[in-house]
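Structure record follows, encoded as structure tokens.
No lab work stands behind these numbers, since they all come straight from the coordinates. Computed from a prediction, not measured in an experiment: that's the story for all the values here. Counting neighbours? That spans all protein chains shown, and the Cβs are built from the backbone with ideal geometry, glycine included.
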Amino acid sequence: MLALRLARGAHPLVLTRRLLVAAAAAGVGFLLLCTLGYAVGHPERSSASVLRLLWCALPLAATVQFAVAVARTDPSTRPRPGLSAIGLGPARLTAIAAASTAVACALGSMVALLFYLHLRGDITGLPFDGAAADLLAADEPIPLAAALTLLAVLPVIAATAAGLALRPRTAPAEPEGAEKPMPSGLPWGIALVAVGLAVETYAGRSGAADGLPLPGRFDGNPAGVLAGWVLTAFGLAMAGPGITHGCGRLLQAARPGAVRLLAGRVLMDESRRIGRPLGVVSAVVSGILAAAALYDADTGSDAFGPLTGLGASLILACTTATLLTAALESKQGRAHTTEALLRIGAPPTVLRTAALMRAGALLAVFLPLTWLVAELAALPLTG
């Protein structure tokens, strides 16, 4: 009840972000229910149904990442003076954040269930009654227990992830004047990208006959190709903080001025916060570019079914929203530094120029990297 009261009195922008989480959860819930409908309508294809269910893990993971990012930027979850005296310490605030995340995801799951039943024709009286009855196996009864179990997966995982991300922790004290260490995931990320591309190349050239069935008509691919894409995505996500940290160092190279020095230091300090979402967005965009190049060269746009398009749109939208939310969190984290710079007479144009310089440096590095990975991922199957 406390979480609901805090949500009702939240800022409109905070409510908008929570509604976006609910919308993403509705999309994931609809994909899960469609997978259940496929399993009910095709009991002889149990292995294909399991693979379709595993494919739904990608949009589910993207939605969980977005939900955690929204929970981190929620003002109601930040410790403030006086709250501990009324029983709202850091642990209680973490529990409230987890509960708010679960409520938003559960709302989206219920909307997905109602929309799914409406398209099947089980709920009438609204437009598009039974519009997708054939696709959703309307002639077979849907097991309610299985549907509710699938819909409960996302709220439970998202709430747990939010609680773990916001749990109170004591940071180790650093020596005075010590410089921050470069994020340690860069070598492992590069290694995973190389392994993923190698696995995809081997699977593409081996000409495996068994395709991996996916929702819609996006099937017929060797499972090794998709496994290679997943490894490449993990590698880019792991290497993102290190690449961002390197961009900050490059901005400060060769006798920097005040603006370049400020922009570079901010990138280095915020490399862990924005680097990982940036790497995930790079991985998603490279995968979409590679898939578009592959199916444009082979089978054309008919390879993309409606459910495949929904899943890809969910992944792209959630990862992009996570990146924007992380950038907002970064801005909120350095608000005191910005106020101090303005108090000592720093012109606002210096802060804007530094922000543009940070964005330009990241785009100059990540755009060519994304294009290169997309080309290398599509080359074994198109060439």
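General observations
- Ordering of 236-243, 347-354 by burial proxy (mean other Cβ atoms within 10 Å per residue, highest first): 236-243, 347-354
- Order by protection proxy (mean Cβ within 10 Å, highest first), peptides 21-33, 246-258: 21-33, 246-258
- Between H336 and D269, the simple spin-label model (points 7 angstrom out along Cα→Cβ) gives 1.0 nm.
- One decimal place: the segment A146-E44 gains 34.9 nm when fully extended, by the rule 0.36 nm per residue minus the C-alpha distance.
- The L372 and A227 beta-carbon pair, evaluated with R₀ = 22 Å, returns a calculated FRET efficiency of approximately 0.60.
- Each label was represented as a point 7 Å from its Cα along the Cα-to-Cβ direction; for W188 and L324 these points are 3.1 nm apart.
- Sites T349 and T16, calculated FRET efficiency, Cβ-Cβ separation with R0 22 Å, nearest 0.05: 0.15
- Other residues whose C-beta falls under 13 angstrom from the C-beta of T325 contribute a net charge of +4, scoring Lys and Arg +1 and Asp and Glu -1.
- Sorted peptide list for 12-19, 161-168, 338-345, 104-111, criterion being average Cβ within 10 angstrom, highest first: 104-111, 161-168, 12-19, 338-345
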